[in-house]
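The values are calculated or read from the model by the stated rules, or taken from the named source; none is laboratory data. Since this is a predicted model, take the numbers as computed values, not measurements. Don't worry about glycine lacking a Cβ; one is built from the backbone with ideal geometry, like all the others, and counts go over all protein chains shown. Surface areas here come from the heavy atoms of the whole protein model, side chains and all, with no ligands, DNA or RNA. Shrake-Rupley method; radii C 1.70, N 1.55, O 1.52, S 1.80 Å.
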Amino acid sequence: MKQSRKQFINTASLGFAGFFVPADFLSFCDEAEPVVVHEDEGEKYWIGPRNSPLTIKIAHSPNGKKSLSFCTEEIAPGEGIPMHKHLNEDELIFVHTGEGILHVADKEIRVKKGSVALIPKHCWHGVKNTGSEIFIMVFAYTPAGFEGYFREFGSPVGKLWQPKSQAEYEKLNKKWGIVYK
């Protein structure tokens, strides 16, 4: 059934220019505000041990909604994220550019641009950039909240990364529910 234009709301009035949503969609917006973050926006952090820029694009909302968070990270050739597991969140990973090896449980899976992986909480995983270009990983956590780990562990871009002591590192890991092998 074809809907008439009158049955759609112009989203420019909501701060979204250029597209329309069905009028009944607005009922879903009663509890939280829609969020749009552009390419050059977000909270930018430097993850020192990996020499990786990480951007928190979407975090849990100020009104307490914790449905998901969304981040990006650039991993240099030869670098990677060590094996770890999250105790509180599922993680969805999308490979935006590059190629690498995704370690999941006891498997090594070749990934490249366009690959997607859903990593349930408590599942060991890690990634290594095996290519010659930057590996850009786009990832989301549900529920949101784990992005706070990056705020505490990393340093805002423009500030020198401050290494943590082993005790500080262990305290952060426990606080944010991450376990490294």
### Query
Is it true that I75 is surrounded by fewer than 18 Cβ atoms within 10 Å (Cβ to Cβ), touching a strand residue (DSSP E or B) at 6+ places or on another chain (Cβ under 7 Å) and at pLDDT 95 or above?
no
### Message
Quick check on this structure: which one of E170, E108 is closer than 21 Å to A76 by Cβ, of a type in the set (D, E, K, R) and modelled with pLDDT of 95 or more?
### Response
E108
### Query
Quick one: would you say W176 is open to solvent by 30 Å² or more (accessible area, probe 1.4 Å), modelled with pLDDT under 95, closer than 20 Å to W46 by Cβ and not hydroxyl-bearing (S, T, Y)?
no
### Summary
Checked the range 80-106 for anything of a type in the set (D, E, K, R) and either farther than 25 Å from G177 by Cβ or touching a Leu at 6+ places or on another chain (Cβ under 8 Å) (or both); matches are D90, E91, E99
### Query
If you go through the range 127-181, how many residues are of a type in the set (S, T, N, Q), closer than 29 Å to K107 by Cβ and not in a loop (DSSP other than H, G, I, E, B)?
3
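Would you say E108 is acidic (D, E) and in contact (Cβ under 8 Å) with a residue 40 or more places away in the chain?
Considered against the rule, which asks whether it is acidic (D, E) and in contact (Cβ under 8 Å) with a residue 40 or more places away in the chain, E108 comes out as no.
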#### Entry: Those residues of the range 103-126 which are in a strand (DSSP E or B) and under 17 Å from the mean Cα position of the chain (by Cα), in sequence order
V116, A117, L118, I119, H125, G126
